[in-house]
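A.B. asks: Questions regarding the structure given below will be posed in turn.
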Amino acid sequence: MEEQGWKILHNEVEDGRLGTRVPGGGIRFYDLIAKSPADGLNYGVEVKTTYGNEWGLRWSQVYKDFQVAKHGAMTTNGQIIVEGVSYAGATIGGMRAAVWSTTVMRQLLLNSGVRTWPQLWVGDGK
């Protein structure tokens, strides 16, 4: 993502878990929180990794993502405002971009303003 101009504000692997308070209740843990080069907003990013060519989403996470995308949210440490949500598909083992598990889910996400990035690659800098 950094190669695409995103600025990583929090990386769960490198920085540890950081919750985002979901409007209406609950906590959502994103793999990354990053600032978009396109609009300057901070996005909670869910990275979905697969060895094949499909990956799925948990409804409990998606519900929270809809709330964050619609209302915005704050991290539990009070330091980062999360203004949107993005999903990134990462593939391992030479497969091309990850495929959405259902086109209906992708359309629901897009209709709700949740960004999707199906062509994020692992380890090849693209």
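The values are calculated or read from the model by the stated rules, or taken from the named source; none is laboratory data. Since the structure is predicted, the reported quantities are computational estimates derived from the model, not experimental observations. Because the Cβ atoms are built from the backbone with ideal geometry, glycine has one as well, and the counts that use them run over all protein chains shown. Please note that ligands, DNA and RNA were not included when accessible areas were found on the heavy atoms of the full protein model with its side chains. Shrake-Rupley method; radii C 1.70, N 1.55, O 1.52, S 1.80 Å.
A.B. asks: Return the pair list, or none, for Cβ contacts closer than 7 Å from residues in the stretch 62-80 that are in a helix (DSSP H, G or I) to residues that are polar (S, T, N, Q) and surrounded by 18 or more Cβ atoms within 10 Å (Cβ to Cβ), at least 6 apart or on different chains.
C.D. replies: Within 7 Å, the pairs are VAL68/THR20.
A.B. asks: Provide a single number: the residues in the stretch 1-31 that are more than 13 Å from ILE81 (Cα to Cα) and hydrophobic (A, V, I, L, M, F, W, C).
C.D. replies: Residues meeting the conditions: 6.
A.B. asks: So the check is Cβ under 7 Å with 6+ separation or different chains; which pairs have a first residue in the stretch 22-51 that's among the polar types (S, T, N, Q) and a second one that's open to solvent by less than 30 Å² (accessible area, probe 1.4 Å) and assigned to a loop (DSSP other than H, G, I, E, B)?
C.D. replies: Short answer, once both residue conditions are applied: SER36/TRP6; ASN42/ILE80; THR50/ALA98.
A.B. asks: So, one more: Of everything in the stretch 1-38, what is open to solvent by 50 Å² or more (accessible area, probe 1.4 Å), in contact with a strand residue (DSSP E or B) (Cβ under 7 Å, 6 or more places away or on another chain) and at pLDDT below 90? Give them in sequence order.
C.D. replies: Within the stretch 1-38, just GLU2 meets the criteria.
A.B. asks: Moving on to the next point. On the basis of being under 23 Å from LEU110 (Cβ atoms), touching a Leu at 6+ places or on another chain (Cβ under 8 Å) and among the charged types (D, E, K, R), does LYS35 make the cut?
C.D. replies: It is true that LYS35 is under 23 Å from LEU110 (Cβ atoms), touching a Leu at 6+ places or on another chain (Cβ under 8 Å) and among the charged types (D, E, K, R).
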